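Below: the structure, in structure tokens.
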Amino acid sequence: MTNHKKPIIFFTILIISLTNFSPKLIVCKECKGPSITPTTITITNNLSPKQYMSVACQSLDDYTGVHIIWHPQWYYFRVVPGSISGISTQYFCQITWDHKNIIGAMFYNDNRDVLRCCGNVTWVATKDGMLGLSTHSKAPPITFPWGYQNLI
């Protein structure tokens, strides 16, 4: 192989590699557009009056801190879907109330939530656990009962 063909082969391999790892836009069928804007995750306290809960969420590279949410208030934060960068975004949250009722679970996952929620992921705390509502599809709610732990 002559030396002038080596750069051509190198750049061809580079272009193929970049094409395979390029960002992907996930199209949300319900909201009729790509999911390129930040997603809002809202966690609402619908426990009994005068009852508070604490919420702490974390992704691979972000920590929201601990937040106290009194009934009937809510806490929200925004994330950029990983489908833009090509890396799936996941947020794990720990929610505690009454110092004994704890849930630790995945509250946001691009692959699960982009088509279910289309930019608005809504969670509601009830006496039975957490309900993840589907805001833009007919999918059933996701439920995490109090005591559920799955942080892996």
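Each of 110, 98 was scored by other Cβ atoms within 10 Å of its Cβ. Arranged with the fewest first, they read 98, 110. Region 120-139 and region 36-72 have Cα centres spaced 13 Å apart. Annotation note: trypsin sites (Lys or Arg not before Pro) in region 58-149 located in DSSP loop regions with a Cβ neighbour count of at most 12 within 10 Å are 100, 127, 138.
Provide the net charge surrounding residue 141, with neighbours chosen by a C-beta distance below 14 Å and charges set as Lys +1, Arg +1, Asp -1, Glu -1. Before the final figure, lay out the partial values.
Details: positive: 112, 116, 138; negative: 113, 128.
Residues near residue 141 contribute +1 overall.
Across q = 0.25, 0.30 Å⁻¹, region 72-134 modelled as identical point scatterers on its alpha-carbon atoms has Debye log10 I(q)/I(0) values of -1.18, -1.47, in the order of the q list.
Considered as an equivalent ellipsoid built on the Cα gyration tensor, region 110-152 has semi-axes of 20, 13, 8 Å, the largest given first.
Read-outs: derived from the displayed coordinates by stated rules, not from any lab. Keep in mind it's a predicted model, so treat the numbers as computed, not measured. Glycine also receives a Cβ, built like all others from the backbone with ideal geometry; neighbour counts cover every protein chain displayed.
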